[in-house]
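Here the structure comes first, spelled out in structure tokens, and everything after it is commentary.
The values are calculated or read from the model by the stated rules, or taken from the named source; none is laboratory data. What you see is a predicted model; the values in this text were computed from it and never measured. Please note: Cβ atoms are built from the backbone with ideal geometry, for glycine as well, and neighbour counts cover all protein chains shown. Ligands, DNA and RNA are stripped out before the accessible areas are found, and what is left, the full protein with its side chains, is counted by its heavy atoms. Shrake-Rupley method; radii C 1.70, N 1.55, O 1.52, S 1.80 Å.
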Amino acid sequence: MIWFTSDLHFNHLNILKYEPNSRPFENVTEMNEVLIKNWNDRVKPEDTVFVLGDLSMGRWEEAGECIKRLNGKIILVRGNHDTPKRLELYKSLGIEIHDIYYLPYKGRYFICCHFPIANEEFIQMVIKDNSEVVNLYGHIHSNAPVGYKDGTFHVGVDTNGLKPISIEEIWNQCWPSEQLAKPEVKTYYELAKDNPNFEN
């Protein structure tokens, strides 16, 4: 299974002040333990988790110990708090690092980055053209809309119950079955199925 999340901010004391509603914890130790439990309750060791930035902050020793306890293979899309030094430490734990990640899935595409993409060309492609592309992002914590909105989906923990969200949960919101039943979508699938990048 493929999962997405972002902005866990392991070991970051100030995040408790910035996000008091989604993180009503007494201290970072309590927050860290809930985030780890929620992750491991959903993610199996053989799964892959895309973290769209800002996995940890604060002292590396404590944050690194949290990360070592997480199930699955982690692919990190770099966030604004992921400094070069921290990225090297992530690499030492076997975490794969990207600046942006383009993920094909079931003949459609997710653009994974830390920040929401907000430019006229993207809006034209995704919304007005009813495209098969969705921008998955983090960064703006509880200021983000919940779920799918206008070609984007916020995967951060602060709008997803402090848990990773699966690719199937996202897919079902982005392309509900009634939309996929439209004749033009079936035509797209027929044209795309011979493409080597098409994934069922």
> Of the residues that make up the range 9-16, is at least one among the aliphatic types (A, V, I, L, M) and either out of contact with any His (no Cβ under 8 Å at 6 or more places or on another chain) or surrounded by fewer than 18 Cβ atoms within 10 Å (Cβ to Cβ) (or both)?
Replying inline: yes
>> Being surrounded by fewer than 17 Cβ atoms within 10 Å (Cβ to Cβ) and not in a loop (DSSP other than H, G, I, E, B) is the filter here; which residues of the range 64-82 pass it?
In response: E65, K68, K73
> Taking only pairs six or more apart or across chains, which ones have beta-carbon atoms under 9 Å, a first residue in the range 89-108 that is at positive phi, and a second residue that is among the small types (G, A, S)?
Replying inline: G107/A192
> So L76 fits all but one of (1) modelled with pLDDT of 95 or more; (2) over 23 Å from I140 (Cβ atoms); what number is the exception?
Replying inline: (2)
> Can you spot a residue in the range 47-56 that is part of a loop (DSSP other than H, G, I, E, B), under 21 Å from E168 (Cα atoms) and without any contact (Cβ under 8 Å) to a residue 60 or more places away in the chain?
Replying inline: yes
> Out of the range 18-40, which residues are among the aromatic types (F, W, Y) and either touching a Lys or Arg at 6+ places or on another chain (Cβ under 6 Å) or part of a helix (DSSP H, G or I) (or both)?
Replying inline: Y18, W39
>> Please go through (1) without any contact (Cβ under 8 Å) to a residue 60 or more places away in the chain; (2) open to solvent by less than 10 Å² (accessible area, probe 1.4 Å); (3) out of contact with any helix residue (DSSP H, G or I) (no Cβ under 7 Å at 6 or more places or on another chain); (4) within 22 Å of V146 (Cβ to Cβ) for P20 and return the number of the only condition it doesn't satisfy.
In response: (2)
>> Just the residues that are surrounded by fewer than 20 Cβ atoms within 10 Å (Cβ to Cβ) and of a type in the set (D, E), please, taken from the range 26-59.
In response: E26, E30, E33, D41, E46, D47
> Which residues, counting only those in the range 84-94, are among the hydroxyl-bearing types (S, T, Y) and open to solvent by 70 Å² or more (accessible area, probe 1.4 Å)?
Replying inline: S92
